[in-house]
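In what follows, a structure is listed as C-alpha cells, so that the remarks can point back to it.
The values are calculated or read from the model by the stated rules, or taken from the named source; none is laboratory data. Note that this is a predicted model, so its numbers are computed, not measured. Heads up, the Cβs are rebuilt from the backbone with ideal geometry, glycines too, and the neighbour counts pull from every protein chain shown.
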Amino acid sequence: MEPAVISSPWFVDELQRRGVSMYAGVPCSYLSSLIDEVIARPSSHYVAASSEGEALSLVSGAWLGGRLGAVLCQNSGLGNMVSPLTSLNAIFRIPALLLVTHRGRPGEKDEPQHELMGRKTGALLDAMEVPWAVLPKNQAEAERALDVAFSALRETAKPYALMVEKDSFSAGPAPAGLPPDAGVPLSREQALGIFIKCTPAGAAVIATTGKTGRELYTLNDRCAHLYCVGSMGYANALAHGLALARPDCTTYVLDGDGAALMHLGNLATIGALASPNLVHVILDNGQYDSTGGQRTVSASVDFCRTALALGYRHAVGCVSGDEFSAALRASVAGPTLIHVRIRPGSMAMLGRPTITPADVARRLQASLAISSEAS
C-alpha cells in the first residue's frame, strides 16, 4: 500500500531529477525533515536565508547563473515574498518552485498568528497570479503534482507554489543544528531567569516569537510583558516604537539571532533615532530552535560591532551569567545592545500564553497607565 506520507529522500530525489540544485529558505516545522535531507546531501546547496524574500531572490539569482532553485518556507513568509514575487520574478519571468507550508489551515488547530494567513494563503497566491496546488501526501499523487508544477515552470517561466500540509513528510536525518553542549554555559532558561532578576517588575518587555516568549511566560508572566506570537523579526521594531512613545520608561526587547538577522535594517533605524531608553537583548543560540534546530548564520556575525556601527550608543557581549547581570544593571545611555550566547534547546514543560494576544497588548497598555481611543 502506498504510504500516507512522503519520503523526504524520495522527494529530494524527484526534485533533483527535475533539475533543482539550489535551495533557500527560512525553516518551518512542517518542512524540518525535508530541509534536513537537503542539508545532508553534498549534491544540494541550501542557503539559510535571513528572510523569505531574500530566499526567493537568491534562487532567482541562481537561475540567472543556470541553476533552478526551490524556496522552502512557511506561509507567513509569503508576506516577505510579495515584493520579489510581483516586481522581480513576474516581470523578469524567472521561475522558482515554492514549497509553502499551510499553517493555520481552516479546521486544524494552530497558534493564533497563523489563523488569518491560513485562511488567505491561496487567495494571496491567486492575487499575485502565482499558480499553486496542494501537495498530496500520497507519493504517486505527489509525483503527478510535481509533473504539473515543473511543466508550469517551463511554460510560464514564473514561480509555482506547492502548498504543504501538516505531516506531509516522513522523518528524515537528524537535524543539522548545533549540539546541546556547544561550550556555552547559559541555557535560555537561565538567561531569562537572570533577566527577570535584574529588571524592574514593571518594565516593558517585548519578547520575540517562538520559544523565547514562551519561556519568559512560563518562568514569570508580568503585566508589562508582550509575547510576540508571529511577526518574526519585528519585535525590536515594536519595542523601538514603544520606547519612542514613552521616553520616560525603559523598554526591553528579548530578541533571537534568527529574528534579529531577518530584518537587520531595523537596527539601523534604532541607531539613527538613538532612543536612550531602549535595551536590545539578543539571545543567540545559533539556530532556529522552534523548527528543528537548523543553523542560522549568526556564527559569522559580530552583533556588537554591527550595532555600534549602526549608531547604538553601547554594546556588550556576554557569555557568563555574571557578565549578563552586569550588563543589565549598567547605567548607560542607550540604545544598548546586549548579545548573549546561549546553548541550544529549551526548558522542560514549556507552556504557552493562555491570554489572547489582543488582551496581552491591552494589558501592557494598562500597566503603563495608557488610555487609548484605538483600544
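In the range 275-287, is there at least one residue being in a helix (DSSP H, G or I) and surrounded by 24 or more Cβ atoms within 10 Å (Cβ to Cβ)?
no
Within the range 119-140, is even one residue closer than 30 Å to residue 214 by Cα, charged (D, E, K, R) and surrounded by fewer than 20 Cβ atoms within 10 Å (Cβ to Cβ)?
Of all residues in the range 119-140, those closer than 30 Å to residue 214 by Cα come to 119-122, 124.
Filter again for charged (D, E, K, R), leaving 119-120.
In the following step, the residues that additionally are surrounded by fewer than 20 Cβ atoms within 10 Å (Cβ to Cβ) were identified as 119-120.
Yes.
Considering (1) at pLDDT below 95; (2) farther than 22 Å from residue 145 by Cβ, say which one residue 28 fails and leave the rest.
Residue 28 satisfies every listed condition except (2).
How about the range 84-102: which of its residues are in a loop (DSSP other than H, G, I, E, B) and within 20 Å of residue 154 (Cα to Cα)?
Residues of the range 84-102 in a loop (DSSP other than H, G, I, E, B): 93-96, 102.
Those that are in a loop (DSSP other than H, G, I, E, B) and within 20 Å of residue 154 (Cα to Cα): 93, 94, 95, 96.
Given the criteria out of contact with any helix residue (DSSP H, G or I) (no Cβ under 8 Å at 6 or more places or on another chain) and either surrounded by 20 or more Cβ atoms within 10 Å (Cβ to Cβ) or within 26 Å of residue 346 (Cα to Cα) (or both), does residue 300 qualify?
Details: out of contact with any helix residue (DSSP H, G or I) (no Cβ under 8 Å at 6 or more places or on another chain): yes; either surrounded by 20 or more Cβ atoms within 10 Å (Cβ to Cβ) or within 26 Å of residue 346 (Cα to Cα) (or both): yes.
Here the answer is yes, as residue 300 does meet what is asked.
Can you tell me how many residues in the range 1-33 are assigned to a helix (DSSP H, G or I) and either over 17 Å from the mean Cα position of the chain (by Cα) or polar (S, T, N, Q) (or both)? Quick ask: steps written out before the conclusion?
The first filter runs over the range 1-33 and keeps only residues assigned to a helix (DSSP H, G or I), leaving 8-17, 29-33.
Still in the list and also either over 17 Å from the mean Cα position of the chain (by Cα) or polar (S, T, N, Q) (or both): 8-17, 29, 32-33.
Here the count works out to 13.
Got at least one residue in the range 77-97 being closer than 13 Å to residue 163 by Cβ and of a type in the set (Phe, Trp, Tyr)?
no
If we keep just the residues of the range 148-167 that are out of contact with any helix residue (DSSP H, G or I) (no Cβ under 9 Å at 6 or more places or on another chain) and among the charged types (D, E, K, R), which is nearest to residue 30 (Cα to Cα)?
Filtering the range 148-167 for residues that are out of contact with any helix residue (DSSP H, G or I) (no Cβ under 9 Å at 6 or more places or on another chain) and among the charged types (D, E, K, R), the one nearest to residue 30 (Cα to Cα) comes out as 154.
So the check is Cβ under 9 Å with 6+ separation or different chains; which pairs have a first residue in the range 103-124 that's part of a loop (DSSP other than H, G, I, E, B) and a second one that's among the aromatic types (Phe, Trp, Tyr)?
Going by the 9 Å Cβ cut-off, the qualifying pairs are 103/30.
Would you be able to say whether some residue in the range 313-327 is in contact (Cβ under 8 Å) with a residue 40 or more places away in the chain and either at positive phi or exposed (fewer than 13 other Cβ atoms within 10 Å of the Cβ) (or both)?
Taking the range 313-327 and keeping what is in contact (Cβ under 8 Å) with a residue 40 or more places away in the chain, we get 319-321, 324-325.
Then drop every residue that is not either at positive phi or exposed (fewer than 13 other Cβ atoms within 10 Å of the Cβ) (or both), which leaves none.
Scanning the range 313-327 turns up no residue that is in contact (Cβ under 8 Å) with a residue 40 or more places away in the chain and either at positive phi or exposed (fewer than 13 other Cβ atoms within 10 Å of the Cβ) (or both).
For the range 230-241, state whether one or more residues are more than 20 Å from the chain's Cα centre (by Cα) and farther than 19 Å from residue 325 by Cα. Working first, answer last.
At the first step, the residues of the range 230-241 found to be more than 20 Å from the chain's Cα centre (by Cα) are 241.
This time we only want the ones that are farther than 19 Å from residue 325 by Cα, so: 241.
Yes, the range 230-241 contains at least one residue that is more than 20 Å from the chain's Cα centre (by Cα) and farther than 19 Å from residue 325 by Cα.
For the subset of the range 328-365 comprising residues that are in a helix (DSSP H, G or I) and touching a residue at least 12 places away in the same chain (Cβ under 8 Å), which member is farthest from the chain's Cα centre (by Cα)?
To start, the set of residues in the range 328-365 that are in a helix (DSSP H, G or I) comprises 328-329, 357-365.
Narrowing further to those that are touching a residue at least 12 places away in the same chain (Cβ under 8 Å): 328-329, 357, 360-364.
Details: 328: 26, 329: 29, 357: 18, 360: 21, 361: 21, 362: 25, 363: 25, 364: 24 Å.
This residue is 329.
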